[in-house]
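Throughout, read-outs are computed from the coordinates displayed, never taken from laboratory work. All values derive from a computational prediction rather than experimental measurement. Positions of Cβ are generated from backbone atoms using ideal geometry, with glycine treated the same way; all protein chains shown enter the neighbour counts.
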4 protein chains.
Amino acid sequence: MAKLKWGMIGGGQGSQIGPAHRLGALADGLFEMTAGALDVDPERGRAFAMSLGVAEDRAYANWQEMLEGERKRDDRVDLVTVATPNNTHFEITKAFLEAGFHVLCEKPMTMTVEEGEEIVRTARASGKVCAVNYCYSAYPMVRQMKAMVAAGEIGRVRSIVANFSHGHHAAGDDAENPRVRWRYDPAQAGISGQMADCGIHALHLATFITGDEIEKLSADFASTVEGRQLEDDAMVNFRMSGGTVGRLWSSSIALGRQHGLDIQIFGETGGFRWASEQPNQVYYHKLGGRVEIMEKGEAGLGEDAQRLSRVAIAHPEGFPLAVANIYVDLAARIAGKDEGNLPTAEDGLRSMASVYAAVASARDGSAWVDARPPMFR
Amino acid sequence: MAKLKWGMIGGGQGSQIGPAHRLGALADGLFEMTAGALDVDPERGRAFAMSLGVAEDRAYANWQEMLEGERKRDDRVDLVTVATPNNTHFEITKAFLEAGFHVLCEKPMTMTVEEGEEIVRTARASGKVCAVNYCYSAYPMVRQMKAMVAAGEIGRVRSIVANFSHGHHAAGDDAENPRVRWRYDPAQAGISGQMADCGIHALHLATFITGDEIEKLSADFASTVEGRQLEDDAMVNFRMSGGTVGRLWSSSIALGRQHGLDIQIFGETGGFRWASEQPNQVYYHKLGGRVEIMEKGEAGLGEDAQRLSRVAIAHPEGFPLAVANIYVDLAARIAGKDEGNLPTAEDGLRSMASVYAAVASARDGSAWVDARPPMFR
Amino acid sequence: MAKLKWGMIGGGQGSQIGPAHRLGALADGLFEMTAGALDVDPERGRAFAMSLGVAEDRAYANWQEMLEGERKRDDRVDLVTVATPNNTHFEITKAFLEAGFHVLCEKPMTMTVEEGEEIVRTARASGKVCAVNYCYSAYPMVRQMKAMVAAGEIGRVRSIVANFSHGHHAAGDDAENPRVRWRYDPAQAGISGQMADCGIHALHLATFITGDEIEKLSADFASTVEGRQLEDDAMVNFRMSGGTVGRLWSSSIALGRQHGLDIQIFGETGGFRWASEQPNQVYYHKLGGRVEIMEKGEAGLGEDAQRLSRVAIAHPEGFPLAVANIYVDLAARIAGKDEGNLPTAEDGLRSMASVYAAVASARDGSAWVDARPPMFR
Amino acid sequence: MAKLKWGMIGGGQGSQIGPAHRLGALADGLFEMTAGALDVDPERGRAFAMSLGVAEDRAYANWQEMLEGERKRDDRVDLVTVATPNNTHFEITKAFLEAGFHVLCEKPMTMTVEEGEEIVRTARASGKVCAVNYCYSAYPMVRQMKAMVAAGEIGRVRSIVANFSHGHHAAGDDAENPRVRWRYDPAQAGISGQMADCGIHALHLATFITGDEIEKLSADFASTVEGRQLEDDAMVNFRMSGGTVGRLWSSSIALGRQHGLDIQIFGETGGFRWASEQPNQVYYHKLGGRVEIMEKGEAGLGEDAQRLSRVAIAHPEGFPLAVANIYVDLAARIAGKDEGNLPTAEDGLRSMASVYAAVASARDGSAWVDARPPMFR
């Protein structure tokens, strides 16, 4: 089986997400790194790409050169990953889709809802795969919860309670810390700070696990650190198309939480609790029984949970392999197989529409607003 | 040291809270059970009181008889605990205060804000102690968090995130289950279900630990089980007098949670996490350091945490001893000592005003409303 | 129901175990504190007793006076608790049994096996209750494990693995710290340090839960802190009468463990894990199923677990109430009821014989030795 | 940077350890899979190798063919991984070393101590790297503990307590279950069951973290399931060259434990606790402080812990990446860099000598025996 050819844009040296993509693409031997435009500094980017085994003529200075270079090759890359700064996702993703490449875009897919709708239209027109790296949805035990919900094992989902909170922006030294500062600067981050950065993952998970969309919401935002223009602590209440009540708290000033993406799902006949820091277990309570610890790799899990787990029960698998699972599903989709659980441009659009709705609600005294993108209303 | 004389109203056989009060009053040898009107069935109540060592002439048929009987005795009880159904708290508490007894009232102290204000006025006029059994505030490690906040050890409190959620009303068999049904019946429970039952404790904790009051709030209520007229799942966002952002989720359909009263407090330079199911530890994160496990009984804790802990570090103390701590503080107050941390009628009023505000907000599309009782505005 | 009259010897101010006994005796209203010889300093002891409500004529200067004083009263105390230094347990317990009092003795019941056998004989001859405060056996969830083992729910018990390890003697400053120093001084502590202090509880639990006795054992002792004559870290392997393999590790230099009494029981069809720091849960794995969290207070527990739990599920109960459960069972036994689960002189003897055997084995290169007291061989 | 060429022997379809090696070798892009003899069934093995991208002429029918084929190539593989049944490790490893290949051998490296010494001699003579896949030693937080011990941060190590226990062989249906049965059959498994399979990892960790060797030990073995000829539950007490006391429990009938490799290290001034199921945290107790949660990826960790971690704090990394870390260190060693922490043939020999010593001690009434391989005495 020949490996698929893969190119990456962004994710250069020192990038936080770059290593996760390289591990994700390479781990299962499905892709080989063939091309790259890895850095805003052309020479540094080319050198780094070559150090990773990319041939000199495919170590590009920037994404435009890569688009031109790859477009005309017979052995063009099969998949392009876009891991650049957020405000460039839209144009790069759009350009590569139009040129007939499959694309995996980092979140948030776009800066606005309008751009999101444009990507959805472009992807549909292109016939190419456009995926968004909502990688938490690819943990085996998240897939397991989704499968059990779909099978009716916990009945109708009454409520879903999610958190994505950490304390890494609590120091409040934004002035001296550019890696933090830009997140709360509308000129760079857009309309939202913490929700667009972290909360958006939890919004996606809510829709992913239930299979429903977020219809309306009410939000409360706070900028708890003086001088921040965008929210660093947010609460969103929502209602989903299936009637589920949703509650999502996201904060970046929550000292004591390291990477607190947790989700609880409460159905008529069962409940789940899952935390991304310990992703291999789900605490499952079946009405009338005891809380049980469901383990990745245990006998009897659903097809997706089994397929996306690599090693035996209680041998932990972590974040890089969740990203790898996105690449596994991408390879399947590129090969024409029906991998319906891959997060797509539609998911990227829906969650961005929810972030915009949350901003609007927070500005309007927590009024309830429509959370759906216009094109899906 | 002579023991104080104690009488209880309600808390008869089969009551859930009665045993906690008896343990609480007796455990430290500060009170003896001297009188009681324990049951709505006079004979059953008298028999039960006598089985607990109450003399026959002080085993009363009902609270009115107890009021009359004790009022005229020279050796009248020092303290009366009111543990009757919620809608009787007001008149019993008021009557005993007016007759010059110290009173400990179960939560919620009253059914309405107006009644709450009346109790505050009555208590003030009487010069007697009127306490409310917000017993979670009496856990040593809750007192420790309060002391550290007061000492500025975590800086200004930016946000407080509390949960009080369980799954014990998830079965949805209200029609056959009177112990659940009444909680969602406005005729018996008043204007609120889960918030008045559980969420109210967390509202109190937020004010207790920060020392601030809740000024305004926005709420979202849901009745997730068909047929319920009152909320079984609620979210309240609030702002406190010191600027703290608050978030409180309370649910009774959260399958997998047993008694999920948790609280997280995030300050400028430190954060706390505490859970009532494991009450002897606080997870403490000091900015720049690691998360530390602070233990009840460890060296160097504050005066209150030490005073209210009975056995050595890592010898767990639980719920009944938290209630006992309320009685310890009551004994101090009755003896004229300044026990400022005892929850009082003012606290009972404030938290009920917050519940009313939450109901009003939830009915008005999550609009922000004043959460303070009129008398404190 | 009249309260039983209770007297305590030892447990004066500053004592670690004294408060637990007072809480234990008083909490449920079954006993009243009637007499006491609480301190090696007669005046301090008398004053402290009176401060606890003991009448002046029953606040004794020492145990001998208390024996004389109580022996001749018509309203003599029903139960005497012996909470004095270990090397006095034997003579006090023996004297009170011979005088016809029921006795609860702190562990270790005696300093030698011979003394233990003498206590067993004395107790049998007296017809009085002689209990030993192996209070961990009185936690509801420990009783639950015992009941499930007895009912065959986990099949034959293949192995039992226990720890009782903490780090409170790790500082190694014995010379300046008399509370630590005496434990490693044979003149005061006898033949064993950590095993006689802590490990002995775990030895008892192994016999308690399985219902079997320890037949033989092999031990390895270490004195890891320079200058200690007795062990501060011990491992004991044993075999029980029912064929169960046992492993017990006990240490006082285990930095990071606060009060690490844990026990795991592995049967043919199920396994348990319980930890005294979180005593209200048992992790239960039924062969072929998932690990389940069994909760104190949940529906369907055995009679003992229900009877000895006071408040609802997930309302934690802790160490003082485990001690209280010993007093509950004592009250039942004194009243002539069959409370077979109360730890008795036979248990005190058996566990002391095991400690002696462990010392002998450790001195003899971990050779396997008979662990039974001679009178039970 | 050209990738190193890698070949694998064993680890065919359905193998438990095969996927971990492929992930480990590929994840970081350091190796490419170039050759393989993956299965005892030649055709199945060749087809599987080709499906993984191995060229047809390097998809070998068996290891002998692979040795012949690779030996004569100019572009021969750089590294051979031996993941075949245990009783073939010796001859394959020896043959490839002698032919001048670097080898990574699965544990146990050999079936006997004599074979182990032979491998050590062969490896030394060859000048090639011979590593053993003690992959738990490559978790970042295990390296962190080692670094802190070496830096004296916890003082002299007084004791080390390790477990490697699970319940996956508790069913006792060996007759019908060949994957379990062979482990307790001396003809296939050699002299030890659970110790050679699991306990051996913990033995290695003890030496790895302390940097000392195990000098002598006393063991107790049990076959708790009827019919088993080899131990399924073992306890080993040991002494290390630096004076550290060791205790190791390993069981395969521990129902409720999934993959219970835990280690606790107790020094004069600090203690560690680490569990392989949650490998990204170490609970660290500094004498006089509180227990702290040390996190993979936090600021200030040692060089090795940082180097071997790929994603940010609290983004979990799991078992496959621990194996990948072995390959990272192999690549460094093959490139001539000094990667001293890679487990080597000497480690494989030492731990096998300890297993043999444990067997001997268990047969001899837990007598203390020398645990060192003869060549290192």
FRET efficiency for A:Glu43 and A:Thr88 from the Cβ-Cβ distance with R0 = 30 Å, rounded to 0.05, comes out at 0.95
Taking a 30 Å limit on the Cα-Cα distance, which of the listed pairs B:Lys146/B:Lys337; A:Lys94/A:Lys216; D:Lys107/D:Lys337; B:Lys216/C:Lys296; D:Lys3/D:Lys94; A:Lys3/A:Lys128 fall beyond it? B:Lys216/C:Lys296
C-alpha center-to-center spacing [region C:168-216, region B:116-188] in angstrom: 43 Å
Under 1.5 on a/c is rounded, so check that first for region A:164-241, then, if it is not, pick prolate when a/b is larger than b/c and oblate when it is not; a ≥ b ≥ c are the square roots of the alpha carbon gyration tensor eigenvalues. prolate
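Volume per residue, Å³, of the convex hull around the alpha-carbon atoms of region D:218-341?
181 Å³
Of the listed peptides A:210-217, D:158-165, what is their order by residue-averaged count of other C-beta atoms within 10 Å, with the highest listed first?
Numbers: A:210-217: 20.9, D:158-165: 26.1.
Answer by packing, highest mean first, reads D:158-165, A:210-217.
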Tell me which of A:His201, A:His168, A:Tyr139 sits at the most positive position along the dipole axis of region A:136-222, charges placed on C-beta atoms (Lys, Arg +1; Asp, Glu -1). A:Tyr139
Please list log₁₀ I(q)/I(0) at q = 0.11 Å⁻¹ for region C:121-190, using the Debye equation with identical point scatterers on the alpha-carbon positions. -0.61
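Rank by packing, highest mean first: peptides B:250-258, B:30-38, C:125-133, with packing defined as the count of other Cβ atoms within 10 Å averaged across residues.
Numbers: B:250-258: 28.1, B:30-38: 25.8, C:125-133: 21.0.
Ranking, from highest mean packing down: B:250-258, B:30-38, C:125-133.
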Over the Cα atoms, compute the radius of gyration (one decimal) and Dmax (the largest Cα-Cα distance, rounded to a whole number) for region C:4-132, in Å. 13.5, 38
Over chain C, how many percent of alpha carbon pairs lie in each 10 Å bin up to the one with the longest distance? 5, 24, 33, 27, 10, 1, 0
Only helices at least 18 Å long along their own axis, judged from Cα atoms, and with Kyte-Doolittle mean hydropathy of -1.0 or greater: name those in chain C from DSSP H. C:113-126, C:319-334, C:345-363
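Kindly state, to the nearest 0.05, the FRET efficiency for C:Ala55 paired with B:Ala335, given R0 = 22 Å and r defined as their beta-carbon distance. Intermediate results must be reported in sequence, preceding the final value.
Numbers: r = 22 Å, r/R0 = 0.99.
Calculated transfer efficiency: 0.50.
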Provide an ascending nm list, one decimal, of label-point separations from A:Ser51 to the equivalent residue in each further copy; define each label point as 7 Å from Cα along Cα→Cβ. 3.7, 7.0, 7.9
Positive end of the dipole of region C:4-132, charges at C-beta (+1 Lys, Arg; -1 Asp, Glu), about the Cα centre: which of C:Cys105, C:Gln13, C:Gly69 has its Cα farthest in that direction? C:Cys105
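Which percentage, to the nearest 5, of the DSSP beta bridges contained in the protein assembly as shown is antiparallel?
Values: 167 of 271 bridges.
Of those bridges, close to 60 percent are antiparallel.
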Within region C:165-188, the residues whose backbone N lies under 20 Å from a label point placed 7 Å from the Cα of D:Arg156 along the Cα-to-Cβ direction are C:167-177, C:181, C:184-185
Toy charge model, Lys and Arg Cβ at +1, Asp and Glu Cβ at -1: the protein assembly as shown dipole around Cα centroid in debye, rounded to 20, equals 0 debye
Shortest first and in nm, the label-point separations between A:Thr88 and its counterparts in the other identical copies (7 Å out along Cα→Cβ) come to 5.1, 7.3, 8.1
In whole Å, how far is the Cα centre of region B:227-290 from that of region D:315-377? 46 Å
Along the Cα→Cβ direction, 7 angstrom out, place labels at B:Asp364 and D:Arg377. What is the inter-label distance in nm? 8.8 nm
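About the Cα centre of chain C, what is the dipole size in debye to 20, counting +1 per Lys and Arg Cβ and -1 per Asp and Glu Cβ, all else neutral?
Here the size comes out at about 740 debye.
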Only helical DSSP H runs with n ≥ 4 go in: add -39500 (n - 2.57) per run for chain B, normalise by residue count and round the 222 nm mean residue ellipticity to 500 deg cm²/dmol. -9500 deg cm²/dmol
Shortest first and in nm to one decimal, what separations exist between B:Glu303 and its copies in the other chains, measuring from label points 7 Å along the Cα-to-beta-carbon line? 5.1, 5.2, 6.8
So, for the Cα atoms of region A:163-203, Rg and Dmax in Å stand at 10.5, 31
Principal axes of the protein assembly as shown: Cα extent on each, largest first, Å: 104, 79, 54
Inter-chain Cβ neighbour average for residues A:318-327, partner chain, 10 Å: 5
Sequence ranges C:40-51, A:232-243, ranked by mean other-Cβ count within 10 angstrom, highest first: A:232-243, C:40-51
Nearest the rotation axis from A to C, which residue of chain A has its beta carbon, and at what whole-angstrom distance? A:Glu292, 3
Can you give me the distance in nm between label points at B:Asp173 and A:Glu176, each placed 7 Å from the Cα along the Cα-to-Cβ direction? 6.2 nm
Where in region A:166-199 is the amide nitrogen less than 15 Å from a point lying 7 Å along the Cα-to-Cβ axis of A:Gln229? A:175, A:181-194
With Rh as the Kirkwood radius over Cα pairs, region D:306-377 has Rg/Rh of 1.18
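Please give the average number of partner chain Cβ atoms lying within 10 Å of the Cβ of each residue in B:264-270, rounded to a whole number.
Per-residue shielding by partner chains comes out at 6.
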Magnitude of the charge dipole, region A:4-135, Cβ model with Lys/Arg +1 and Asp/Glu -1, debye to 20: 220 debye
